[in-house]
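Participant: Quick one: the structure is below, questions incoming.
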Amino acid sequence: MHDGRQMPKTDTSVAPAPVVSRVRSAWYWIVPYGAVLLFAFTMLTLAWVLQRQDAEAQRNALARDVQWAEQTMRLHMQGTEEFLAQLAREMAGGDLDRDAFQIRASQHIANNPELINVAWVAADQRVHWTAPFDTTDWLVGDPLSGVQAVVLARARSQGRPVYGEAYVNGRATPVLEVYVPIQQGRSTIGAMVAVYSLDRMMTHLVPTWFAEKYRLTFTQPRGEVLAINSAVNTVDENLSHAVQLEPPGNGLRLVATAYQTESPLMRLLPLALIAGLSLFVLWSLWLVRAHMQRRVRVERERDQLFNLSLDMLAILSLDGVFRRCNPAFERILGYPPEELPGRPIVDFLHPEDVAATIDELRGLASGAPATFETRCLCADGSYKWLVWSVNSVREEKLMYAVAHDITGRKSAEEALRAEYAFRKSMEESLITGLRAIDLTGRITYVNPAFCSMTGWSQEELVGSQAPFPYWPRDNREALQQTLALTLAGNAPSTGFEKRIRRKNGERMDARFYISPLIDAAGRQTGWMASVTDITEPKRIRAQLQVAHERFVVVLDGLDAAVYVADAASDEILFANRAFKSIYGFDAVGRRVGEFGLPTPPNTLWYDVDPRRLSPDDVPRELYDGELRNDHSERWYHIRERAIRWVDGRVVRMAIATDVTDRKRVDEENRAQQERLQRTSRLITMGEMASTLAHELNQPLGAIANYAMGCVNRLKSGEYRTEDILGAMQKASAQAERAGKIIRRVREFVKKSEPRRHPVSLAEVVEDAVGFMEVDVRRLGARVEVQVPLDLPPVFADGVMIEQVVLNLVKNGIEAMGDAPAEARVLLVEAGLNPEGQVQVSVTDRGHGLSEDARAKLFSPFYTTKSEGMGMGLNICRSIIEFHEGRLWVDPNPAGGCIFRFTLPLENLNESSSADSDA
Amino acid sequence: MNPQVLTAMPEQIIYLVDDDEALRDSLIWLLESQGFKVKGYPSAEAFLPEIRPDMTGCLLLDVRMPGGMSGLELHDRLRASFCTLPVIFITGHGDVPMAVSALKKGAVDFIEKPFNDEALLRQVRQCLAQEEENRARRRQDAEVSRRLGQLTQREREVLDLIILGKLNKQIADVLGISIKTVEVHRARVMEKMGAQSLAELVQSVMAIEGVNRG
């Protein structure tokens, strides 16, 4: 956000510069190119002009030289003409003989090497004399050829020297002949002939420098070349000059062609040089331009780099004053870059960092670059961490500084350092060993815990490869296999247990968990193993396991169902086998409420809500009571306590004991007790008699003893009256004591008179029959009860009436002991009779009673039963009669007896009830 | 037998333990009227300190004494203290089975309340006479035992063989001694045992030997 606001500004300020400079530099670059081209053109023109002038001069020199050569030749030829004319004159004068001729001619030839022959040709056109001696041409006697003859004739006719046409003689030598007529008088006697060799003329009549300079040729008018002084063809055809060789005048021309002293290439060299130089200059200009452009681009880039740099760039003077700053200063610190120049850097430093920074800057003076971190004041007053990289250039007395905002990094670093310190301390306090291996299986890291665990030092372990030092020798194959699995990435995610060796040789059990080691780039660089020493835990676990098994065996062996449920969530955390067998084997994890067992919000069960209990409040009794399971219809005694569970939370632990049997026994005991109570009044009578007898025995026995003692003494006559008197008094006291006993018995009997209340007969009958259930079942009989529910209550002592019913039922069942099993049904009925009384009848199908037996049935001490006391029916009748009812027996038409009794209704006895209560 | 022994005999006392004071007092009154010496105790606990092995007479003991040691227990304690005092239980109505078990443990008799005074007196007299006879026999046995203890080893061997009915010659053979020596030993045995005849000797020794061997 900060960056986004600042960046566009930087762009606009920088963008126009390259466009302008590009246009301007384009124009700049036309000028040097134009100048170079102009210069090249001028130079070429100049060179051309000079060359033209030079060629003109050469041509002039050539013409002059050729003229001069021709003159030289003319002079020589004139000399020879004169010599010949001399000879001719002498001859004509006759002063000349053959020998002289020969001598002088040979001499002349020797002096004039261009001559090859001198001969005297007579008018007969034959050679007469000839020189030199050894000539093979112009032999004496040789006739002249036709051509020669013509020339001779002309010379004779003209009377002056005539030159013949040059020709190539038989020896392939181009020759020129001159005929000088010999005038003897008027006649002509032949002619003196001199033969010039054109080749020799060229070699001997021109100076050496000339021959070196020019190629000379004699050409006929028709153009064919007769002689040439050089075979060298490197001639400058442009530089050639031809002159007529006078006086011969027969068209022989002397042509001089300058040798090419310099090759055309050489001649073109300056031009080429100029052109080349120009091109070179252009090329170098182009190079310079490219270089310049590159420079410009680089500079532009540098400018952009400076301006666009996200880091702060600054140029400072050696005394730490800003000279130039880039826009990043504004972005990071908030100062516009133009504000900073001229201000010392110290102004912006955090006071604590000033001293250190000045030290650093001072160190820069020695030329070494410096990097340091400082806090810098921002425009908004906050400080930012900057890392400065400063380099000084002493020659320029400047420092170049780069500052990077590391506030984020600093805090990140701080966080990282804290994190690192945290991890380090964690790693050091870690008791889990850590071991990292790279992908080849080499150990790259172990933590201190691993070292202390195994006893091997870090140096010994790091870098080692399988087999690792801590591998026991006897188990290497297995460990190698595990390592291979690990490296293949197939290590079990649940880890594996291995026995490894400590340095001191001890074995330890270790558990390894393998996870891939991923570097920052997301590549896997190895495997990290966390190693736990489980030697002790394993032993403890084994013990715990045993303890746990014992615990479970004990708990599962209990008849009582035990469960533990979370107090808050009501979830069952533990249940023993007894519980599961009652409530299902999936009980753990379900809610207690699902089973109808006590759950927390129920205030019937809990006086304190176990969900509100804190761990400090427990253990605490929650519930203790008996509940009936509706499904199994069994009774459970449930004792519930709030306890602290293994993980610290509060749970409810309940022990439910099946008390159905105990309850039944209790019930039976209670019934038994009741029965005892109910019969107690009857029994009391018997006991009373027994107790009475015993109690009375004492005083009566004492009285008898006193009396006999007195009698004996009185008989013997040895007595004292006082003694007799005392004994008699004591006997009298004992008689009194006996009287008290009798009174006590009477009181007791009085106390146990019946109490009458409105009683539901249905309940009485039900209780009595229920009371007899065990006996009924034992005898294989059945009791049918038919008592209308709307029967009005009777006014009676419930216990006594129950006793009567009980007695009658018991008698009836016992009477049916010999009857067939299906006939052993006792019917107990109740209903209102016509007199407005309730009538109860107990009908059995037993052996029945004879008339006689029925008559005696209700008299005391009558019994038909071997173990009977004979009191039952008598008492029953007394009870019923006490209640103003009647008890009698009728024979059952179907066999057996029907005992019936009547009782008055409650509403008829309200007045008597009041009496009775009073 | 020996008048001297009879005179030295301690007086027979009737001990009476009954928790009912009236009955106890009236019984003492009755028994004293017949010339018996009677001591009464209100409970078994009160009688315990009186127990001595050489007590003579008899003990009248009420079986049922609520609130303390019962008569049967006291009887056991008496026997445990090697006291040979004969016991007559007084029982009430319904205590008969208890009295029977007491008889099996060595009580002399029992009498059921309410009792006839004549019957009681007869039983007490019978009991005392029996007790006196037993005591005399015990005293005689003790005398024979004391004399037997004075015999030497050899004399004892000779005595044993005599009792088996061996002749002197046979005894000499068995013990590898001369007949003369046997005769000397025999004479000394007779003297030490205070026996006038061979029959008397054998009878007195057999009486206690029979007890010891039984």
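Participant: Using the beta-carbon distance between A:R744 and A:R854 and R0 = 41 Å, what value does 1/(1 + (r/R0)^6) give for FRET efficiency, to the nearest 0.05?
Facilitator: Details: r = 39 Å, r/R0 = 0.95.
Taking R0 as 41 Å, the efficiency between A:R744 and A:R854 is 0.55.
Participant: Between A:M426, A:G522, A:T80, whose Cα lies farthest towards the positive end of the dipole of chain A when Lys and Arg beta carbons carry +1 and Asp and Glu beta carbons carry -1, centred on the Cα centre?
Facilitator: A:T80
Participant: Could you tell me the calculated FRET efficiency between A:Q465 and A:E549, based on Cβ-Cβ distance and R0 = 51 angstrom, to the nearest 0.05? Spell out each step's value before the answer.
Facilitator: Values: r = 43 Å, r/R0 = 0.85.
Rounded to the nearest 0.05, the efficiency is 0.75.
Participant: Ok, one more. Inside 10 Å of the C-beta atoms of B:106-113, what's the mean count of C-beta atoms belonging to other chains?
Facilitator: 1
Participant: Suppose the chain between A:I534 and A:A272 were pulled fully straight at 0.36 nm per residue; how much longer would it get relative to their current alpha carbon spacing?
Facilitator: Working: separation 262, 0.36 × 262 = 94.32 nm, distance 9.72 nm.
Working it through step by step, the gained length comes to 84.6 nm.
Participant: Need the C-alpha centroid separation for region A:464-482 versus region B:22-79, integer Å.
Facilitator: Taking the Cα centre of region B:22-79 as reference, the centre of region A:464-482 is 96 Å away.
Participant: For peptide A:695-703, what's the mean number of Cβ atoms from other chains within 10 Å of each residue's Cβ?
Facilitator: The shielding value for this peptide is 6.
Participant: Looking at A:Y383, A:L313, A:V180, which one has the Cα that reaches farthest to the positive end of the dipole of chain A (charges on Cβ: Lys, Arg +1; Asp, Glu -1)?
Facilitator: Positive-most Cα among the choices belongs to A:V180.
Participant: Next question, about the same structure. Quick check on chain B: helices-only [θ] at 222 nm, where DSSP H runs of length 4 and up contribute -39,500 (n - 2.57) each and the sum goes over total residues. Nearest 500, please. Please list the in-between numbers first.
Facilitator: Numbers: 10 runs with 124 residues, N = 214.
Here the helix-only value at 222 nm equals -18000 deg cm²/dmol.
Participant: Give the relative contact order (percent, whole number) for region A:98-215; include only Cα pairs under 8 Å separated by 6+ residues.
Facilitator: Details: 211 pairs, mean separation 30.9, N = 118.
Averaging sequence separation for qualifying contacts and normalising by length gives 26 percent for region A:98-215.
Participant: What is the packing order of peptides A:326-338, A:349-361, A:432-444, taking the mean over residues of other C-beta atoms within 10 Å and listing the highest first?
Facilitator: Order by mean packing, descending: A:326-338, A:432-444, A:349-361.
Participant: What is the extension gain from A:H204 to A:T72, computed as 0.36 nm multiplied by their sequence separation minus the C-alpha to C-alpha distance, in nm to one decimal?
Facilitator: Difference between extended and current length: 46.5 nm.
Participant: Of the chymotrypsin sites (Phe, Trp or Tyr not before Pro) in region B:53-123, which ones lie in a loop per DSSP and count no more than 10 other C-beta atoms within 10 Å?
Facilitator: The qualifying sites are B:F82.
Participant: Here's something else I'd like to know. Within a 10 angstrom radius of the beta carbon, how do B:C58, B:C127, A:C451, A:C378 rank from fewest other beta carbons to most?
Facilitator: Details: B:C58 26, B:C127 22, A:C451 19, A:C378 15.
With the sparsest Cβ surroundings first, the list reads A:C378, A:C451, B:C127, B:C58.
Participant: Still on this model: If you put +1 on each Lys and Arg Cβ and -1 on each Asp and Glu Cβ, how big is the dipole of region A:69-207 around its Cα centre, in Debye rounded to 20?
Facilitator: On the way: 11 positive and 15 negative charges, 67 e Å.
Value, rounded to 20: 320 debye.
Participant: Which residues' amide hydrogens lie under 5 Å from the amide hydrogen of B:K39, considering only partners 5 or more residues apart or on another chain, with H built in the peptide plane?
Facilitator: So B:K39 has HN proximity to B:I14, B:Y15, B:L16.
Participant: Would you mind computing Rg(Cα) / (2.2 N^0.38 Å) for chain A, counting N as its residues?
Facilitator: 2.82
Participant: With contacts defined as alpha carbon pairs under 8 Å and 6 or more residues apart, what's the relative contact order of chain A in percent?
Facilitator: It rounds to 5 percent for chain A.
Participant: While we're on this one: Calculate I(q)/I(0) for region A:309-413 by the Debye formula, one identical point scatterer on each C-alpha and no solvent, and give its log10 at q = 0.21 Å⁻¹ to two decimals.
Facilitator: Computed log10 I(q)/I(0) values: -1.12.
Participant: How do A:V531, A:V794 line up, fewest other C-beta atoms within 10 Å first?
Facilitator: Details: A:V531 24, A:V794 27.
Listed from fewest to most nearby Cβ atoms, that is A:V531, A:V794.
Participant: So, one more: Along the charge dipole of region B:3-140, pointing to its positive end and built from +1/-1 on Cβ of Lys, Arg, Asp and Glu, which listed residue (B:W29, B:C127, B:I88) has its Cα farthest out?
Facilitator: My answer, from the dipole projection, is B:C127.
Participant: Another question, if that's okay. List the residues of region A:645-661 whose backbone N lies under 16 Å from a point placed 7 Å from the Cα of A:R777 along the Cα-to-Cβ direction.
Facilitator: Within reach of a label on A:R777: A:660-661.
Participant: Taking R0 as 56 Å, what's the FRET efficiency between A:T407 and A:A35 from their Cβ-Cβ distance, rounded to 0.05?
Facilitator: After rounding, the FRET efficiency stands at 0.45.
Participant: log₁₀ I(q)/I(0) of region B:103-214 at q = 0.12, 0.17, 0.22 Å⁻¹, via Debye over equal Cα point scatterers, no solvent, to two decimals?
Facilitator: -0.57, -0.83, -1.18
Participant: Within region A:94-112, which residues have the backbone N less than 18 Å from the label spot 7 Å out from A:F133 along Cα→beta-carbon, could you tell me?
Facilitator: Flagged as within label range: A:97-111.
Participant: Another one. Mind checking the mean number of beta-carbon atoms from other chains within 10 Å of the Cβ atoms in B:117-130?
Facilitator: Average neighbour count from other chains, rounded to a whole number: 1.
Participant: Continuing with this model, one more query. Measuring from label point to label point, each 7 Å out along Cα→Cβ, what is the B:E200 to A:Q672 span in nm?
Facilitator: Calculated label separation equals 7.0 nm.
Participant: When you take every Cα atom in region A:63-110, what is the radius of gyration, and what is Dmax, the widest Cα pair distance, in Å?
Facilitator: According to the Cα coordinates of region A:63-110, Rg and Dmax are 14.2, 45 Å.
Participant: For A:K810, which lysines qualify as cross-link partners when the Cα separation must be under 16 Å and same-chain residues fewer than eight apart are set aside?
Facilitator: Answer for A:K810, where 16 Å is the Cα cut-off: A:K865, listed by chain and number.
Participant: Once label points are set 7 Å from the Cα along Cα→Cβ at both A:W286 and A:D97, what is their separation, rounded to one decimal in nm?
Facilitator: Simple spin-label model gives 9.2 nm for this pair.
Participant: With charges only on Cβ, +1 for K and R and -1 for D and E, what is the dipole size of chain A about its Cα centre, in debye, rounded to 20?
Facilitator: Details: 105 positive and 118 negative charges, 341 e Å.
The calculation lands at about 1640 debye.
Participant: Can you sort A:R628, A:R737 by how many other beta carbons sit within 10 Å, fewest first? Please list the in-between numbers first.
Facilitator: Details: A:R628 13, A:R737 17.
Sorted ascending by nearby Cβ count, the order is A:R628, A:R737.
Participant: Which residues in region A:785-800 place their backbone N less than 17 Å from a point set 7 Å from the Cα of A:L832 along the Cα-to-Cβ direction?
Facilitator: A:787-795
Participant: Output the peptides B:26-35, A:503-512 sorted from most to least packed, where packing is the average of other Cβ atoms within 10 Å over each peptide's residues. Mind showing how you got there, number by number?
Facilitator: Values: B:26-35: 21.6, A:503-512: 15.0.
Top to bottom by mean Cβ count within 10 Å: B:26-35, A:503-512.
Participant: So for each of A:210-217, A:721-728 I average, over its residues, the number of other beta carbons within 10 Å; can you give me the resulting order with the highest mean first?
Facilitator: Numbers: A:210-217: 19.5, A:721-728: 13.8.
Descending packing order for the listed peptides: A:210-217, A:721-728.
Here, each number is a calculation from the coordinates, and none is a lab measurement. Remember, predicted model here, so these are calculated numbers, not experimental data. Every residue, glycine as well, gets a Cβ built from its backbone with ideal geometry; the counts of neighbours run over all protein chains shown.
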